[in-house]
Amino acid sequence: MTVEMVRADNVHKSFGSLEVLKGVDLVVNAGEVCCVLGPSGSGKSTFLRCVNHLEKINAGKIFVDGDLVGYHERGGKLHEMKGKDVARQRRSIGMVFQRFNLFPHMTSLQNVMEAPCRVKKESKAEVRERAASLLERVGLGSKIDAYPGMLSGGQQQRVAIARALAMRPKLMLFDEPTSALDPELVGEVLDVMKDLARDGMTMVVVTHEIGFAREVGDQVVFMDGGVVVEKGSPAEILANPKHERTQAFLSKVL
Ligand code: ADP
Ligand code: MG
């Protein structure tokens, strides 16, 4: 059975008089990797932030795993979620940004343990064990006691991925996770993401890494000017884009 992990229906988002999302429609099924491409300023980050409820949308609906993001639906009416419920919903979604934002005064292990310890449902020993095995999984088993300042950008980003996974998310959002890295460090981060994808994680990845989108993407979405201009399989969108705007964008990045 196909489960829709993300569904966006006609999503609108404005900042003041600036309309950034102008009716975004998108479905990402469970286990799928959806790669979002598009020029700077097209609304990609804003869209991810809306999915994670870091931004409130002005119109439309977003569902994550069947649950309406940010609202309770009761008797056909929408009621805005309160802080605690928002926090709970947000915890089921992992997010990785261009800037890793690790806590500089904490080791890799402490960074990965921080959120699950703060939520305090599990024992510290359990969290520590899971954090260590996640760091192992991203290839940093030997760096658990290292501080971010001692790590390369690629290593820091892998810690950030482990940190997001520590909350056992059902969905991972990546916002240009390799854009701030030196070129020689991009591959090690993409490899970790490929491994996650192979493991069945549902992922929405905003990226300019066309090779990654081609190899790992189940769906490629091209956004421009606050709308999804076209979407389809990597073969359709990357090799045979129908829209002029997609063609123009790809001719610049390929
Ligand atoms: P992308 O990630 O595709 O580069 P963004 O979603 O970051 O695009 O931004 C889309 C547009 O929204 C840009 O014009 C940006 O300046 C604007 N924008 C984003 N966040 C805010 C904000 N918090 N306040 C005002 N404008 C914003
Ligand atoms: Mg962005």
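Would you say residue 213 is outside any loop (DSSP other than H, G, I, E, B), away from ligand 1 (no atom under 16 Å from the Cβ) and modelled with pLDDT of 95 or more?
No: the conditions fail for residue 213.
Which of the residues that make up the stretch 18-63 are touching a Ser or Thr at 6+ places or on another chain (Cβ under 7 Å), aliphatic (A, V, I, L, M) and more than 10 Å from ligand 1 (Cβ to nearest atom)?
28, 30, listed by residue number.
For the subset of the stretch 204-254 comprising residues that are over 21 Å from the mean Cα position of the chain (by Cα) and among the hydroxyl-bearing types (Ser, Thr, Tyr), which member is nearest to residue 37 (Cα to Cα)?
If we take residues in the stretch 204-254 being over 21 Å from the mean Cα position of the chain (by Cα) and among the hydroxyl-bearing types (Ser, Thr, Tyr), then 246 is nearest to residue 37 (Cα to Cα).
Quick one: how many residues across the stretch 27-51 are within 16 Å of ligand 2 (Cβ to nearest atom) and in contact with a helix residue (DSSP H, G or I) (Cβ under 8 Å, 6 or more places away or on another chain)?
So the count comes out to 5.
When the stretch 52-80 is examined, which residues are found to be within 16 Å of ligand 2 (Cβ to nearest atom), surrounded by 16 or more Cβ atoms within 10 Å (Cβ to Cβ) and over 15 Å from residue 28 (Cα atoms)?
If the condition is that a residue be within 16 Å of ligand 2 (Cβ to nearest atom), surrounded by 16 or more Cβ atoms within 10 Å (Cβ to Cβ) and over 15 Å from residue 28 (Cα atoms), then 55 is the only one that fits.
If only one of 109, 171, 165 is more than 29 Å from residue 7 (Cα to Cα) and hydrophobic (A, V, I, L, M, F, W, C), which one is it?
Testing whether each residue is more than 29 Å from residue 7 (Cα to Cα) and hydrophobic (A, V, I, L, M, F, W, C) leaves just 109.
Of all residues in the stretch 88-105, which are more than 16 Å from ligand 1 (Cβ to nearest atom) and either more than 16 Å from residue 48 (Cα to Cα) or not in a helix (DSSP H, G or I) (or both)?
Across the stretch 88-105, the qualifying residues are 88, 92, 93, 94, 100, 101, 102, 103, 104, 105.
Check the stretch 75-87 and report whether any residue there is under 28 Å from residue 212 (Cα atoms) and either within 12 Å of ligand 1 (Cβ to nearest atom) or in a helix (DSSP H, G or I) (or both).
Taking every residue of the stretch 75-87 in turn, none turns out to be under 28 Å from residue 212 (Cα atoms) and either within 12 Å of ligand 1 (Cβ to nearest atom) or in a helix (DSSP H, G or I) (or both).
Can you find, within the stretch 1-35, the residue that is farthest from residue 171 (Cα to Cα) among those that are among the polar types (S, T, N, Q) and either in contact with a Leu (Cβ under 9 Å, 6 or more places away or on another chain) or part of a strand (DSSP E or B) (or both)?
14
Search the stretch 50-68 for residues that are of a type in the set (Phe, Trp, Tyr) and pair each with any residue that is at pLDDT 95 or above and away from ligand 1 (no atom under 13 Å from the Cβ) when their beta-carbon atoms are under 6 Å apart and the residues are at least 6 apart or on different chains.
If the second residue must be at pLDDT 95 or above and away from ligand 1 (no atom under 13 Å from the Cβ), the pairs left are 63/7.
Of the residues that make up the stretch 147-161, is at least one in contact with a strand residue (DSSP E or B) (Cβ under 6 Å, 6 or more places away or on another chain) and either farther than 20 Å from residue 201 by Cα or surrounded by 13 or more Cβ atoms within 10 Å (Cβ to Cβ) (or both)?
Yes, that holds for at least one residue.
Test residue 169 against the criterion of being away from ligand 1 (no atom under 16 Å from the Cβ), of a type outside the set (Asp, Glu), surrounded by fewer than 21 Cβ atoms within 10 Å (Cβ to Cβ) and outside any strand (DSSP E or B), and give yes or no.
So residue 169 passes the test.
The values are calculated or read from the model by the stated rules, or taken from the named source; none is laboratory data. What you see is a predicted model, and the numbers here were worked out from it, not measured in a lab. Note: ideal-geometry Cβ built from the backbone for every residue, glycine included; neighbour counts use all protein chains shown.
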